[in-house]
Amino acid sequence: MRNLITSILFIIITCFITTDISSQNFLKTSGKNIIDINGQEILLRGIGLGGWLVPEGYMIQTSSFANAAWQFREKIEQLIGVEKTNEFFKLYRENFVTRKDIQKIKEWGFNSIRLPMHFNLLTPQDKPFQYLEEGFAIIDSLLSWCEENKLYLILDLHAAPGGQSKDNIADYNPAFLPLWEDPVAQQRTIHLWQTIAARYSNKVWIGGYDLINETAYNFPSGNNQPLRDLYISITNAIRQVDKNHIIFIEGNWYATDFNNLTPPWNNNLVYSFHKYWNSTDIGSINYLISLRNNTNCPLWLGESGENSNQWFTDVIKLMENNNIGWAWWTLKKLEGNNSLMYVYKPIEYDNLLKYWNGQASKPSVDYAVNALTKFAQSLNINNCKINDGVIDAMFRQVKTTETLPFSSNFIPGTIYATDYDYGQNGFAYKDNDYQNTGNNGSWNTGGHYRNDGVDIERCYDIQTNGYNVGWINTGEFLNYTVNVQQSGIYNLTFRYAANASNGKILMRWDGQNLGDLIDVPNTGGWTSWKSISVNNISLTKGTHTFSLTFFFGGFNLNYVKFDLVSTDIEEEIIKPSTFKLEQNYPNPFNPTTTIQFVIPNLIDQMRNLKDFSPEQNRNRNKNIWVTLKIYDMLGKEVATLVNEEKKPGTYNCEWRIENGELSSGIYYYMLKVGGQSKTRKMILLK
C-alpha cells in the first residue's frame, strides 16, 4: 500500500510540474503530419531494439524448446539456478545495447528508436502496482544516450500484463489469464502507463508512447470495442500526468485491423500499423491511406523487416513517397543476416542449444554459465558483424539504383562469386526469387553471408571464402566492380560444381560481351568442384564492371581467378601507393582464411618525385621489411605469417588452423610495414 501511495503522490506532483512545460518542445502531431521540436515536419526513421528486453525464440535460436521469454528463463534456471540466471540476464542486457550501439544508429541515418518493453522489468508479476527502479534505470540510461545523439525514443509495451495475445511476442504464459480476460491485468496496464508517463512527461526526446504491441485476440463482441475501451482508459490516465507526448495506437491482429478504433479520441494521436511478408505496391496500404484521410491523423509503420534487402528498399520507398515514417525490425539477431548486426554464435552456446534440443548430454553448471556468458558477450557490438548491405538498402538504395563495390576485387587475383556489388535487384544482381511476399519464406535459399536475393550457401571447396552462389537459374546475373592493377593478357579459371550439363555463362566487361558463351559441364554433384579455363583475355588497367550472366541451371559457382600471363601494352608498372590491410576472408573461418595486404612504395609518402634525391628515386621501389602476426584477445602472439623483406605490391597470405591448435574466439592480426602498422579483427568459429 505504501508503494501505491508513493506512486500516486509522484504522479500528482509530476502533473503540477508538467503544466509549466511548453508542449511546443515535444514531438507532436499536426493534422496528418508529425512535427519536431522546431515545428518542422519530420519523417520518423527508426530501428526497434527487438530481443533486448523481450527475448524471442527465433532471435536466439531457442524456438524449438523455448519460444517465449519466460520459457527461456525457465530453461536456464533449471540448469544453473535463479541467482546465476539473474546474473546472466543482467550481462545479456548490458551487452545487447550499449552507448556505442546508439551512436552507430545515429551514424547510420536513423532519427528514432522504438523500445520494446516487458512489463515485468518495471512491475513484478506477483506484486501488482509496485514498481522496480532497476527496470526504469534501463530506460533512463537508454534515454540519456538518445538525448546525446538527438534520437527520439518511442516506448512500446511489447509484453503487457497477462499478454495481449497468446504468442511468444507477448511472452504469453498460460499459467496466467490473458490481458483481455483479466480485469486486474487491464488495471495494471493502465497504471503502468500512467507511471511511465509521469516519469517521462517532461522529456523532450521521448517521441511518444506505443500503448500495446500487436494485439491478436478474437474479441467476443465481434469487433475491437474492448481494445478501444482499454486504449481510451490508458490515454486518459496518461493525459492526467502528461499532455505532451504522442499516443501511438496499433490495430488488432498484429497492428493491421483498425475496425472500431476510429474516430480518434485524442488530438495528439498516431495510428501505427505493421507490415510483413506482403507486396510493396500502393494497393497494400490503400486502406491505411483511407484511415489517415478519414481521421486526419498521421500514420506510422511501427514495425517491419524480416525480409530481403530489395523488399526493405521497396517498402521504405513506398512509405516515404506517401509521407509515412517507419521503424525497422530489428537491431541484431543470432546469425541474423537481415538485421542491422549479425551475432556470431559461440560454440559453447551452440552445445547448450544441442542439450536443450535433446542432442547432447547435460552440461555442468560451470560449463553452462561459461556458455551463457560467452553468448551474452557475443551480443556486444564490438563482437558483431555490421550488415552493411542491409543499411545500404535502407538508406542509399532508396534514393538510387547506382551500385557500390562490395570488396576490392583486385585483378590479378580471385573474384569470389558471392562478392558482387551492393545494389538493387536488376542492377547489382538479378535473381528470380528476391523477396518474401507471402508465397515463399526465403529469398536467399542458402541463407548465408548476405541478405539479397542471390542464393548463397556454405562452400567446402579447397579454396573458398567460405561460401558459394547456388540455385542458379536462367537470366540471373551478378555484377562486380573490379580493379585491374596491370594491363595485359589474362587466363581465367572458373571454379564450379554442376549436377547437370546444360549450364552456360556469358561474361560481360563494361557492358560489352567478353568472349563466347562458356559451357558448364556436369561434375557429378553440387559439391564436386572442378575448373574451367578461359584463356587469352585482354584487360586494361583501371576500374571496370565485370558481369556474369547465367543460362540454364544446375550448377554452383565458387570463384573466378584472373592470372596475368603477359603484358600486351607498353607501360610503366606503377607500384601501389596506398598502405592497406584488408579484412580476412572468409570471416569467421575454419580452418583456413586469407589475408590480403598492399605494400606501398615511397612515392606514397611524398607524392612528388622532385622532393626525392636521385638516390631515393632509384630506391623508392626497393624491398621493405614486413611483418604480419596473429594475436589472441590477451595480446599473446599465436602465429607469425610474414617476417621478411618484400617489394611493393599486393599480397595474399593464407593462414590455416590445425585441429586442436586454437579454440574458437576473436583474434587480431597486425601488419607492420616500415614505420606503419594496421590491425584488424578476425573470428575463428569451430
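The values are calculated or read from the model by the stated rules, or taken from the named source; none is laboratory data. It should be emphasised that the depicted structure is a prediction, and the values quoted were computed from it without experimental measurement. All Cβ positions, glycine included, derive from the backbone under ideal geometry; neighbour counts span all protein chains shown.
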Original post:
In region 90-140, how many residues are within 20 Å of Phe176 (Cβ to Cβ), hydrophobic (A, V, I, L, M, F, W, C) and assigned to a helix (DSSP H, G or I)?
Top reply: 2
**OP:** Would you check if Gln377 is out of contact with any strand residue (DSSP E or B) (no Cβ under 7 Å at 6 or more places or on another chain), at pLDDT 95 or above, under 22 Å from Leu478 (Cβ atoms) and in a helix (DSSP H, G or I)?
**Re:** no
Original post:
Among the residues of region 469-506, which ones are part of a strand (DSSP E or B) and either outside the structural domain of Asn556 (by TED's automatic domain parsing) or polar (S, T, N, Q) (or both)?
Top reply: Asn479, Thr481, Asn483, Asn491, Thr493
Original post:
Of all residues in region 448-471, how many are in contact (Cβ under 8 Å) with a residue 60 or more places away in the chain and closer than 20 Å to Thr545 by Cβ?
Top reply: 4
Subject >> Residues satisfying the stated conditions in region 429-448, i.e. of a type in the set (Ser, Thr, Tyr) and not in a loop (DSSP other than H, G, I, E, B) >> reply: Tyr429
Original post:
When region 201-210 is examined, which residues are found to be surrounded by fewer than 24 Cβ atoms within 10 Å (Cβ to Cβ) and closer than 18 Å to Ser112 by Cβ?
Top reply: Lys203, Val204, Trp205, Tyr209
Subject >> Yes/no for Leu331 being surrounded by fewer than 20 Cβ atoms within 10 Å (Cβ to Cβ) and closer than 27 Å to Gln435 by Cα >> reply: no
**OP:** Only one of these is modelled with pLDDT under 85 and either in the same structural domain as Asn587 (by TED's automatic domain parsing) or not in a loop (DSSP other than H, G, I, E, B) (or both): Glu654, Glu615, Glu644. Name it.
**Re:** Glu615
**OP:** Identify all residues within region 654-683 that are more than 30 Å from the chain's Cα centre (by Cα) and surrounded by 15 or more Cβ atoms within 10 Å (Cβ to Cβ); write none if there are none.
**Re:** Lys672, Val673
Subject >> Restricting region 533-544 to residues that are surrounded by 16 or more Cβ atoms within 10 Å (Cβ to Cβ) and β-branched (Val, Ile, Thr), the residue that is farthest from Val482 (Cα to Cα) >> reply: Val534
**OP:** Confirm whether Gln512 is assigned by TED's automatic domain parsing to the domain that holds Phe410, polar (S, T, N, Q) and surrounded by 18 or more Cβ atoms within 10 Å (Cβ to Cβ).
**Re:** no
Original post:
Quick one: how many residues across region 187-225 are in a loop (DSSP other than H, G, I, E, B) and closer than 28 Å to Asn111 by Cα?
Top reply: 10
